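Comments concern the structure below.
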Amino acid sequence: MDAEYDAVVVGAGFAGMYMLHRLRGLGLSAVVLEAGDGVGGTWYWNRYPGARCDSESYYYSYSFSEELQQEWEWSERYPQQPEILRYLDHVADRFDLRRDIRLGSRVTEAVFDDDTARWGLRTDTGERYTARYLVTAVGCLSAANIPRIPGLDTFRGRWFHTGRWPHEGVDLTGQRVGVVGTGSTGIQAIPVIARQAEHLTVFQRTPNYSIPARNGPMDAAFQREVKAGYAGIRRKQRESTNGHPFDVDPRPALSVPDDERRTVYEAAWQRGGLRFRAAFADLLTSEEANDTASEFIRAKIRETVRDPATAEALLPRDHPFATKRPPIDTDYFETYNRDDVTLVDVRQAPIVEITRDGVRTASASYPLDCLVFATGFDALTGPLLGIDIRGTGGRSLRDEWSEGPRTYLGLQVAGFPNMFTITGPGSPSVLTNMPTSIEQHVDWIAGCIDHMRGRGLARIEATEEAERAWGEHVDEAAHRTLLPMAATSWYLGANVPGKPRVFLPYAGGFATYARRCDEVAAAGYEGFVLTPGD
Ligand code: N01
């Protein structure tokens, strides 16, 4: 027997839990199906050494409940994974969400029934659900990208992907460890692994810019100030480009004299964190401006890393700063001054195979006891295409997106009525502070469902025309920035062999995007067809 609901939500991370809360508030019956054995999504799975949020704790959090934001105490400037997971567990309990969350239920199939205008879902445990609305809250970075390197199955040591780290932890003491990948994850993990392992070998394909995090304990006076000023902080987040409560320096980088510009960068470097991007207004729109920031960071790397050949290999040169998601770190470049850490440039000498004993590149072999893949994710589309989703007339989302995703506002796909995709491709998502984007999407979806129920509407579907126009706008917004210049960026799908090269998130800015969503709703859901039903 199918379990019948008004809405099924897939995923119990930040997005799925808040969606459930809002759906309940509308009086809908709703269930959340979650593959993991606990809530938390990204923060349930990513338990690698050093896993920590790159956004600051006081605003990487829900804003929907004043009581919640007043009662929760963050202990550090950047929260560690266990602390964020505790927070999300607290949210699940505080809002009594668990009774409608089914853990250990991976959705394998979702099929729209044209006759009933309802979705039918199936899980890997054989359970079946039907619902009027399907809301995907599957996360943007949840489908692990494990490179297909020949010989991995012959490796005698242990290997792990950072996004599937064992819950009991991994003791790396006395081990020869290899890390593949120097994105945000690798850059967080490498210093921590280096302190534990006997020897660490880092296999780097693309050198990365990284800014010091300057983490530290949360100052009690600052915490009090934040709590007193939350209304203003949240407003600022919602009026911003990236969902962070930062002021961007309004000046173009080249409008100030060289020494003043260096002073601005130095102050931003010392303050630390993603706010470095806000040092000048045009870092992501002018190559000349960006060059000044990129060169400042390269000089810092040269200053930090003692061995000139290693420093040279660590210098990012093939893309402008922040055109790939900028990592932030604690002692990343300093780690290469350790005698027990080796950097291997696999762009110079690619990995050829994994043997029983370790990794063999085109120029040498590296014996290892443990191999860590910090190789990222099949971002944005991977988690959705991992489910066999069928819309009207049995059309398959995998087929529809074979040349890249097409969405309207990153919220819906033409031909897939009543399916909403929280932080889907074509929305600002990964270019922003995720909880801000998640709350905006959930609120919009809740408003839309409320509108439909109030008017006896049973079905909402994006038009192909609206979808096409939005796709063009997403592309145009990306090309108004330097973002497409990073040829190896996962924003473009470039990290997954064979994935279509389409700029995935919407680069027009969070506030602009949210305004557009509100205008669409105010115009009676312009670009959607709404149909009455029972
Ligand atoms: O993944 P990545 P990530 N051989 O794709 C390399 C978020 N995040 O997990 O650049 C050798 O960025 C790949 O090389 P290249 C954040 O949004 C947030 O680090 O493709 N190398 C790259 O160096 C972030 O951006 C937090 O040439 C291979 C690395 O692996 C996103 O997650 C913390 C390879 C992958 O980097 C993803 O970050 C951590 C191969 N076959 C992450 N395949 C927060 O704190 C890939 N690589 C919120």
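The values are calculated or read from the model by the stated rules, or taken from the named source; none is laboratory data. Since the model is a prediction, treat every value here as computed from it, not as a measurement. Neighbour counts run over all protein chains shown; Cβ positions are idealised from the backbone, glycine included. SASA here: full protein model, heavy atoms, side chains in, ligands and nucleic acids out. Shrake-Rupley method; radii C 1.70, N 1.55, O 1.52, S 1.80 Å.
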For the ranges 46-54, 313-321, 60-68, what's the packing order if you count other beta-carbon atoms within 10 Å of each residue, average per peptide, and put the highest first?
46-54, 313-321, 60-68
Per residue, how much accessible surface does the range 92-231 expose to a 1.4 Å probe? Answer in Å², no decimals.
44 Å²
The set of residues whose placed amide H lies less than 5 Å from the amide H of Phe420, leaving out same-chain residues fewer than 5 positions away, is Leu134, Val135, Thr136
Could you pull out every residue, at least 5 positions away or on a different chain, whose amide H is within less than 5 Å of the one on Glu109? Hs are placed 1.01 Å off N in the peptide plane, and Pro or chain starts have none.
Arg122, Asp388
If you line up the Cα atoms of the range 98-229 on their principal axes, what length do they span on each, largest first, in Å?
61, 57, 30
I need the trypsin sites (Lys or Arg not before Pro) found in the range 323-358, filtered to DSSP loop residues with at most 15 other beta carbons within 10 Å of theirs.
Arg338, Arg347, Arg356
Cα-based Rg / Dmax (Å) for the range 163-218
12.6, 35
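Only four residue types carry charge here, +1 at the Cβ of Lys and Arg and -1 at the Cβ of Asp and Glu. Report the dipole size of the range 252-315 about the Cα centre in Debye, rounded to the nearest 20.
In total the dipole reaches around 360 debye.
Return the equivalent ellipsoid semi-axes of the range 62-161 as a descending list in whole Å, where each equals the square root of 5 times an eigenvalue of the C-alpha gyration tensor. Could the numbers behind the result be given before it?
On the way: eigenvalues 182, 172, 29 Å².
Its equivalent ellipsoid spans semi-axes of 30, 29, 12 Å.
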Of the accessible area of the range 413-501, computed with a 1.4 Å probe and all protein chains kept, carbon and sulfur make up a percent value of 52 percent
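What's the Kirkwood radius of the range 146-286 in Å, using all Cα pairs?
Taking the inverse mean of 1/r over all distinct Cα pairs, the range 146-286 comes out at 19.1 Å.
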So for the chain, taking the charge dipole from beta-carbon charges (+1 Lys/Arg, -1 Asp/Glu), which of Pro500, Ala462, Trp159 sits furthest toward the positive end?
Trp159
What are the ³J(HN,Hα) couplings of the range 37-50, residue after residue, when phi is run through the Karplus curve with 6.51, -1.76, 1.60 and θ = phi - 60°? Round to Hz, x for glycine and proline.
8, x, 7, x, x, 2, 7, 7, 8, 8, 10, 5, x, x
Enumerate the amide H contacts of Arg459 below 5 Å, restricted to partners 5 or more residues apart or on another chain; note that Pro and chain-start residues carry no placed amide H.
Thr531
For the chain, what relative contact order do you get, as a whole percent, if you take Cα pairs closer than 8 Å and at least 6 residues apart?
20 percent
Compare the peptides 235-242, 462-469, 406-413 by average per-residue count of other Cβ atoms within 10 angstrom and give them in order, highest first.
406-413, 235-242, 462-469
Could you tell me which of Tyr60, Asn242, Val442 has its Cα farthest along the dipole of the chain towards the positive end, charges placed at Cβ (Lys, Arg +1; Asp, Glu -1), taken about the Cα centre?
Tyr60
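To one decimal place, what Kirkwood hydrodynamic radius in Å is obtained for the chain from all pairs of distinct Cα atoms?
On the way: mean 1/r = 0.0414 Å⁻¹.
Hydrodynamic radius (Kirkwood, Cα only) of the chain equals 24.2 Å.
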Picking from Ala3, Ile301, Val341, whose Cα lies most toward the positive end of the charge dipole for the chain (charges on Cβ: Lys, Arg +1; Asp, Glu -1)?
Val341
Nearest-20 debye value, the chain charge dipole, Cβ charges on Lys, Arg, Asp, Glu:
440 debye
Two-decimal Rg to Rh for the range 11-67 - Kirkwood Rh, Cα set:
1.03
Lys, Arg +1 and Asp, Glu -1 on Cβ, resulting dipole of the range 138-227 about Cα centre, debye, nearest 20:
160 debye
Report in % the part of the accessible area of the range 13-65 that belongs to carbon and sulfur, leaving out ligands and nucleic acids; probe 1.4 Å.
42 percent
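Okay, helix-only estimate at 222 nm for the chain: each DSSP H run of n ≥ 4 adds -39500 (n - 2.57), divide by all residues, round to 500 deg cm²/dmol; what do you get?
Details: 16 runs with 169 residues, N = 534.
Calculated at 222 nm, the ellipticity per residue is -9500 deg cm²/dmol.
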Spatial separation of Cα centroids for the range 407-470 and the range 99-125, in angstrom:
19 Å
Applying a 10 Å radius around every beta-carbon, put 14-24, 271-281, 105-115 in order of their mean neighbour count, most first.
14-24, 271-281, 105-115
Pairs of lysines 8 or more apart, or on different chains, with alpha carbons under 25 Å: count those in the chain, would you?
4
Could you please state, rounded to a whole Å, how far the C-alpha centre of the range 295-322 is from the C-alpha centre of the range 210-235?
30 Å
Taking every Cα atom in the range 464-534, find the radius of gyration and the maximum pairwise distance Dmax, and write them in Å.
15.4, 50
Just to check I understand the Karplus step: with θ = phi - 60° and J = 6.51 cos²θ - 1.76 cosθ + 1.60, what whole-Hz values come out for the range 330-341, glycine and proline as x?
10, 6, 5, 5, 4, 4, 6, 8, 6, 6, 9, 10
